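Working notes for the structure below.
The values are calculated or read from the model by the stated rules, or taken from the named source; none is laboratory data. Predicted, not measured: the structure shown is a model, and the values here were computed from it. All Cβ positions, even for glycine, are placed from backbone atoms using ideal geometry, and neighbour counts span all protein chains on display. The accessibility values were calculated without ligands, DNA or RNA, using every heavy atom of the protein model including side chains. Shrake-Rupley method; radii C 1.70, N 1.55, O 1.52, S 1.80 Å.
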Amino acid sequence: MVTILKERFRSFEDSKSVVVAELAVDAKTDLPVPSGISGRILSHGTLAWEITTGDFYGLGSDGKWVNQTTGDVYDPSEEE
């Protein structure tokens, strides 16, 4: 499950809001693709907190999440 804790509007793209957000997810596999949250496009710089482990992830401009402690990359599009 994904919860938006905070978001900051940046612009519009194809009638969707582009935002930088702070998210909370239950597990890494809940991290969304950049266009995957209810009418929003996530901009790079979005942060996510994985509640089960306490890890933090940052969204890169390539649409992949990077664990901020280990540097491991997670690509949610590979899960689709």
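Between segment 62-77 and segment 1-26, how many Å separate their Cα centres? If we compute the Cα centre of each part, the gap is 17 Å. The residues neighbouring Arg40, those whose beta-carbon lies less than 15 Å from its own, together hold a net charge of 0 under the Lys/Arg +1, Asp/Glu -1 convention. Each residue, Ser61 and Trp49, gets one label point 7 Å from its Cα in the Cβ direction; the gap between the two is 2.9 nm.
Entry comment: accessible area of the chain is 61 Å² per residue, from protein heavy atoms only and a probe of 1.4 Å.
Using a 10 Å cut-off on Cβ atoms, rank the peptides 10-16, 56-62 from the highest mean neighbour count down.
Packing order, densest peptide first, comes out as 56-62, 10-16.
What you get for the chain, charging only the Cβ of Lys and Arg (+1) and of Asp and Glu (-1), is a dipole of about 420 debye around the Cα centre. Nearest 5 percent is fine: what portion of the DSSP beta bridges confined to segment 1-48 is antiparallel? Here the share of antiparallel DSSP bridges comes out near 70 percent.
Given R₀ = 35 Å, FRET efficiency for Ser15-Glu78 by Cβ-Cβ distance, to 0.05?
Efficiency for this residue pair is about 0.80.
Reported value for the chain: 86 Å³ per residue, from the convex hull of its C-alpha atoms.
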